[in-house]
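Have a look at the structure below before the remarks.
The values are calculated or read from the model by the stated rules, or taken from the named source; none is laboratory data. On a predicted model such as this, the values are computed, not experimentally measured, just so you know. With ideal geometry, Cβ positions are generated from the backbone for all residues, glycine too; neighbour counts draw on all protein chains shown. Just so you know, the surface numbers come from the protein's heavy atoms only, side chains and all, with ligands and any DNA or RNA stripped out. Shrake-Rupley method; radii C 1.70, N 1.55, O 1.52, S 1.80 Å.
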Amino acid sequence: MRFTRLTMSTALVAAGLLVAAGCGGDDGKGGGGGGTVAGFNPPKIAPLQSLGKGEGQVNLVAWAGYTENGSNDKSVDWVHPFEKQTGCKVNAKTAGTSDEMVTLMKTGQYDAVSASGDASLRLIASGTVAPVNTALIPNYSDIFDDLKLKPWNSVKGVAYGVPHGRGANMLMYNTDKVKPAPDSWKAVFDPASPYKGKITAYDSPIYIADAALYLKATQPALGIKDPYALDQKQFDASVNLLKQQKALIGEYWSDATKSVQSFKSGDTLLGTTWQVIANMAKDAKAPVATVLPKEGATGWSDTWMVAAKAQHPNCAYQWMNWIVSPEANAQVAEYFGEAPSNAKACTKTTDKKFCDTYHAADDLYWTNVHYWNTPIPQCLDGRTNVKCVDYSAWTRAWTEIKG
């Protein structure tokens, strides 16, 4: 999550807005077990043991749309009710990328962050965030079980955050031009594709995992188990596939609104998308449909994490409990366009079919989604006989891929 979150809807165009005066081993699937990473030993930091009186304010780093106070849309405000109930004034800084979130959190000026999986392990490994005492967060009990204690929000059975929401990176296609309807990522990787120049892909180093996921299914001899745990051979194969794909790409997207426009105009006929973009495209009368391909898909799950040296830890915990409460979680999920993390939120959405559309409670759907995680040298798939390629190398490779 990611640059496009700055422009998730027309209401979020002004992404630099501050909500208030900001302070200056499983295989990666949704249905896996606890987050154990071989050889990954973050600094020992004790979680908050008891909840005390609020400090009067809380400083947050968040994706656009996660801390709405009515300034973008008067009807969308879950910040002021929180402030009234707790006495904790919210100072929120909108971040445009996961890298920016990591940088901001390392300044020590912020109490909590809505980190995506491509940032969370970096924050944990550096000791920037602390384990979370979930017993102090009553609403944690209602969060979907398949979001708890995952490789991107826990280490060795210790929770480092509170799940916020999730989404899949699906394949969207023009129903008038793309026939037959695709059911595989081959549609965007086949060098003989008839849609050359009309294909789009997500503009981020983490997209290398999409290529790895496709190779996992089509080249089993590579032995890929987790698209975020790639040894050098597996990584090179994934990068080479993306370099080959570049000849097919019309544009790499990093702006949801522009992606919608491109599908509507016909400049783009197929490529990766999010459900919210598909909904926006359909609202704009673009002839599109989406599919979760047979190889599965990558996806994202955001987690509220608390700073190890939070200046306002009590208000931070109160915020985390609030934002995943049924009412607030329903509001933010519906506004942003994602599946809520709290199961009870599905009874609170304005659109009573919202959770069905976003597969909020569809366990089978999420078992085919490999949530973003931070590639590190200690292979996330549990291998100890090789080193995996870390995220800095992914970033360098992405620059090469795009030329």
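Would you work out if the stretch 262-362 is rounded, prolate or oblate? Take a ≥ b ≥ c from the square roots of the eigenvalues of the alpha-carbon gyration tensor; rounded if a/c is under 1.5, else prolate when a/b is larger than b/c, oblate otherwise.
Working: a/c = 2.40, a/b = 1.91, b/c = 1.26.
It comes out prolate by the Cα gyration axes.
Full extension of the segment from Thr107 to Asn41, taken as 0.36 nm per residue of separation minus the current Cα-Cα distance, would add 21.5 nm. Whole-Hz Karplus values for the stretch 379-388 come out as 4, 5, 8, x, 5, 10, 8, 9, 9, 9 Hz, taken residue by residue from phi with 6.51 cos²θ - 1.76 cosθ + 1.60 and θ = phi - 60°; glycine and proline positions read x.
Divided by 2.2 N^0.38 Å, where N counts the residues, the Cα radius of gyration of the chain comes to 0.94. If only the Cβ of Lys and Arg carry +1 and only the Cβ of Asp and Glu carry -1, the dipole of the chain around its Cα centre is close to 400 debye.
Which FRET efficiency, nearest 0.05, do Thr395 and Lys53 yield, Cβ-Cβ r, R0 35 Å? Provide the component values of the computation, followed by the final result.
On the way: r = 43 Å, r/R0 = 1.22.
According to the calculation, E is roughly 0.25.
Pairs of Lys residues in the stretch 133-243, spaced 8 or more positions apart or belonging to different chains, with C-alpha separations under 20 angstrom: 20 in total.
Between Lys93 and Leu60, Val61, Ala62, the built amide H atoms are under 5 Å apart, and every one of these is 5 or more places off in sequence or on another chain.
So between Lys294 and Ala181, what do we pick up on full extension, going 0.36 nm a residue minus the alpha carbon distance?
On the way: separation 113, 0.36 × 113 = 40.68 nm, distance 1.27 nm.
Stretched out fully, the Lys294 to Ala181 stretch lengthens by 39.4 nm.
With Cα atoms defining each centre, the stretch 50-68 and the stretch 324-369 are spaced 22 Å apart in the structure.
Over every pair of different alpha-carbon atoms in the stretch 94-145, take the mean of 1/r and invert it; report that Kirkwood radius in Å. List each step's numbers first, then the result.
Numbers: mean 1/r = 0.0817 Å⁻¹.
Taking the inverse mean of 1/r over all distinct Cα pairs, the stretch 94-145 comes out at 12.2 Å.
Average accessible surface for the stretch 252-375: 34 Å² per residue, computed with a 1.4 Å probe over protein heavy atoms with every protein chain in place.
Once you charge only the Cβ atoms, +1 for Lys and Arg and -1 for Asp and Glu, what is the size of the charge dipole of the stretch 175-238 about its Cα centre, to the nearest 20 debye? Before the final figure, lay out the partial values.
On the way: 8 positive and 8 negative charges, 48 e Å.
Dipole about the Cα centre, nearest 20: 240 debye.
Between Lys387 and Asp356, the FRET efficiency from the beta-carbon distance, with R0 = 51 Å, is close to 0.75. Annotation: the stretch 253-296 has a Kirkwood hydrodynamic radius of 10.6 angstrom, from the mean reciprocal C-alpha pair distance. Proximity of backbone amide H atoms, modeled 1.01 Å from N, is registered between Lys198 and Gly250 at under 5 Å, excluding neighbours fewer than 5 places apart on the same chain.
Using a 1.4 angstrom probe on heavy atoms only, work out the carbon and sulfur share of the accessible area of the stretch 47-202 in %. List each step's numbers first, then the result.
Numbers: 2850 of 5690 Å².
Carbon and sulfur together cover 50 percent of it.
At 1.4 Å probe radius, can you tell me the per residue accessible area of the stretch 55-113 in Å²? Write out the running numbers ahead of the final one.
Working: 2210 Å² over 59 residues.
Ligands and nucleic acids excluded, the result is 37 Å² per residue.
Distant-in-sequence amide contacts of Glu295, defined by a placed amide H-H separation under 5 Å and a gap of 5 or more residues or a different chain, comprise Trp185.
Remark: the stretch 310-383 is approximated by an ellipsoid whose semi-axes, taken from the C-alpha gyration tensor as √(5λ), come to 26, 22, 9 Å, largest first.
Computed packing ranks the peptides 261-269, 296-304, 351-359, 225-233 as 296-304, 225-233, 261-269, 351-359, most packed first, by mean other Cβ atoms within 10 Å.
Kirkwood hydrodynamic radius of the stretch 40-86 from all distinct Cα pairs, in Å?
Its Kirkwood hydrodynamic radius stands at 13.7 Å.
The Cα-based radius of gyration of the stretch 236-276, divided by its Kirkwood radius, gives an Rg/Rh of 1.04. Computed on the Cα atoms alone, the convex hull of the stretch 201-337 gives a volume of 157 cubic angstrom per residue. A simple packing score, the average count of other Cβ atoms within 10 Å per residue, orders the peptides 184-197, 362-375 as 362-375, 184-197, with the highest score first.
If a/c stays under 1.5 just call it rounded; otherwise compare a/b with b/c (prolate if a/b is bigger, oblate if not). Do that for the stretch 90-229, with a ≥ b ≥ c from the square roots of the Cα gyration tensor eigenvalues. Prolate, since a/c reaches 1.5 and a/b exceeds b/c.
Using unit Cβ charges (K, R positive; D, E negative) and no other charged atoms, how large, in debye to the nearest 20, is the dipole of the stretch 93-181 about its Cα centre?
Numbers: 9 positive and 8 negative charges, 37 e Å.
Roughly 180 debye, rounded to the nearest 20.
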